[in-house]
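Engineer: One structure coming up, written as structure tokens, with questions to follow.
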Amino acid sequence: MNSRQLARARSRGYSVLGSFFAQGPTPHLMSLLQRAEVDDGACEEFDPDAAAAAHYQVLGREVFAAQSVFLSVSGRRGGDEVARVLATYARCGFTPPPMLESDDLACQLAALAHLCAAEAESWEDNLAAIANSSCALQAQLLDDHLLRWLPALSEALQRQPFPLYARSAALLLGVVDDHVDHLGATMPAPTPLIAIHTPDPRAADTRLREIADWLLAPVCAGFLLTHGELQAIAAGAVLPHGFVDRHTMLMDMLRAAGAADALPALLTALEARATQATTAYARMAEEWVALKPWVAPWITRVARTTEMLAAMRITSS
């Protein structure tokens, strides 16, 4: 393929993946994903009701695919991360579709599709300088935004009980890996994750809420603890849990574990989750080599969480 064809194909790929993560599987999208060997040939058995239920379960309840969720210390939607994304969109000449939140994965993929399409049109018109400018904007959007949280998002999606989402996350990693490799020297040095102080369980002034807040913010812990995972951990440690939000659930679990001498079991489960994240990131860096510089910071964050959990174990013994 020449440069124009590559840019056009890349735009189409981002558009298809963005549509999938925005609205879930449809017969048309499933046929496209089938060509990419993502759905294991299940297109003929497509059940729209089951597909809608799975999409809601994964992206409406468990994994909120938004930059603010993964990169803000609150672990919640909104705030400065949204403002940062909007500023980048303005520089790219991209207007977010009204049905999408601006920092959602689907919106960022739509922005990349927009920039790749602009690049393709510039090559068609023999406007090399403008095409190269589009490439620079693609690199900025990738490094300042998507690449900073894509490893943690993909790790979370690959743990979901619906294989289609794990395979789609892997497909997206492959598309982005190829894109980064193609951009080459146009890509800037990776933008670091925000600097954060790790709570010290040994310090007298460290509150339980600080530890819970750390564990529930992916940018702090290095991975996403979903609602379903917290329920499973609570059940495994024989701790009470109800139909409450993640923050309330984890706080209740930590308090109950301390009162019932169940903290070692809870810490073991959390340490196991950290180990699983580290293993997933190591595989990610090995398979998608161009993404390794953006995966590495997440491995470092998980290591800090592991150290904090070890300190909690020593303090409680």
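Engineer: Less than 17 Å from a label point 7 Å out along the Cα-to-Cβ axis of THR206: which backbone N atoms in the range 217-250 qualify, by residue?
Structural biologist: 217, 220-222
Engineer: Further question on the same structure: In the Gaussian network model of the chain, springs joining C-alpha atoms below 10 Å, which of ARG273, ARG91, ARG304 carries the largest mean-square fluctuation?
Structural biologist: It is ARG91.
Engineer: With runs of 4+ DSSP H residues as the only contributors, calculate the mean residue ellipticity of the chain at 222 nm using -39,500 (n - 2.57) per run, divided by the residue total and rounded to the nearest 500. Please report the intermediate quantities before stating the final value.
Structural biologist: Details: 15 runs with 209 residues, N = 317.
Per the formula, -21000 deg cm²/dmol.
Engineer: If you count, for each residue, the other Cβ atoms within 10 Å and average over each peptide, how do 309-315, 250-256 line up from highest to lowest? Write out the running numbers ahead of the final one.
Structural biologist: Values: 309-315: 15.7, 250-256: 19.4.
Order by mean packing, descending: 250-256, 309-315.
Engineer: What angle, in degrees between 0 and 90 and rounded to the nearest 10, separates the Cα long axis of helix 105-124 from the longest principal axis of the Cα atoms of the chain?
Structural biologist: 20
Engineer: Relative to the present Cα-Cα distance, how much length would full extension add between GLN57 and HIS182 at 0.36 nm per residue of separation? Please report the intermediate quantities before stating the final value.
Structural biologist: Working: separation 125, 0.36 × 125 = 45.00 nm, distance 3.49 nm.
The span from GLN57 to HIS182 would gain 41.5 nm if fully extended.
Engineer: Counting other beta carbons within 10 Å of each residue's own, what order do GLU271, GLU307, GLU119 fall into, fewest first?
Structural biologist: Lowest to highest Cβ neighbour count: GLU307, GLU271, GLU119.
Engineer: OK, next. Given the options ALA156, ALA237, ALA274, which has the most mean-square fluctuation in a GNM of the chain, springs set between C-alpha atoms less than 10 angstrom apart?
Structural biologist: For the chain, modelled as a Gaussian network with Cα springs under 10 Å, the answer is ALA237.
Engineer: Moving to a separate point now. Work out the FRET efficiency for ALA9 and THR248 from their Cβ-Cβ distance, taking R0 = 35 Å, and round it to the nearest 0.05.
Structural biologist: With R0 = 35 Å, the Cβ-Cβ based efficiency is 0.15.
Engineer: Follow-up question, since we're still on this one. Work out how much length ARG255 to MET1 would gain on full extension: take 0.36 nm times their residue separation and subtract the Cα-Cα distance, in nm to one decimal. Please report the intermediate quantities before stating the final value.
Structural biologist: Numbers: separation 254, 0.36 × 254 = 91.44 nm, distance 5.94 nm.
Taking ARG255 through MET1 to full extension adds about 85.5 nm, to one decimal.
Engineer: Additional query: Name the residue farthest towards the positive end of the dipole of the chain from the options GLY75, ALA204, LEU225, assuming +1 on Cβ of Lys and Arg, -1 on Cβ of Asp and Glu, about the Cα centre.
Structural biologist: The Cα lying farthest towards the positive end belongs to ALA204.
Engineer: I've got another one for you. At 7 Å along the Cα-to-beta-carbon direction for both ALA272 and THR198, put a label point, then send me their distance in nm to one decimal.
Structural biologist: Label-label distance for ALA272 and THR198, simple model: 2.2 nm.
Engineer: Among ALA118, ALA131, ALA260, determine the one that fluctuates most according to a GNM of the chain built with springs between C-alpha atoms less than 10 Å apart.
Structural biologist: Of ALA118, ALA131, ALA260, the Gaussian network model singles out ALA260 as fluctuating most.
Engineer: Can you tell me the 0 to 90 degree angle between the C-alpha axis of helix 227-236 and the longest principal axis of the chain, rounded to 10?
Structural biologist: Approximately 30 degrees, to the nearest 10.
Engineer: On C-alpha positions alone, give me the angle between the axis of helix 263-287 and the longest principal axis of the chain, in degrees, nearest 10.
Structural biologist: 20
Engineer: Just subtract the alpha-carbon distance of ASP80 and ASP49 from 0.36 nm times their residue separation and send over the number in nm, one decimal.
Structural biologist: Between ASP80 and ASP49, full extension yields an extra 7.5 nm.
Engineer: Additional query: Please order ILE233, ILE130 by the number of other Cβ within 10 Å, starting at the fewest.
Structural biologist: By the 10 Å Cβ count, ascending, the order reads ILE130, ILE233.
Engineer: Give the order of PHE21, PHE162 when sorted by the count of other beta carbons within 10 angstrom, beginning with the fewest.
Structural biologist: Result, fewest neighbours first: PHE162, PHE21.
Laboratory data are not the source of any read-out in this text; all were calculated from the coordinates shown. The model shown is predicted, which means the values in this text are computed figures rather than measured ones. Methodologically, a virtual Cβ is constructed for each residue, glycine included, from the backbone with ideal geometry; neighbour enumeration extends over all protein chains shown.
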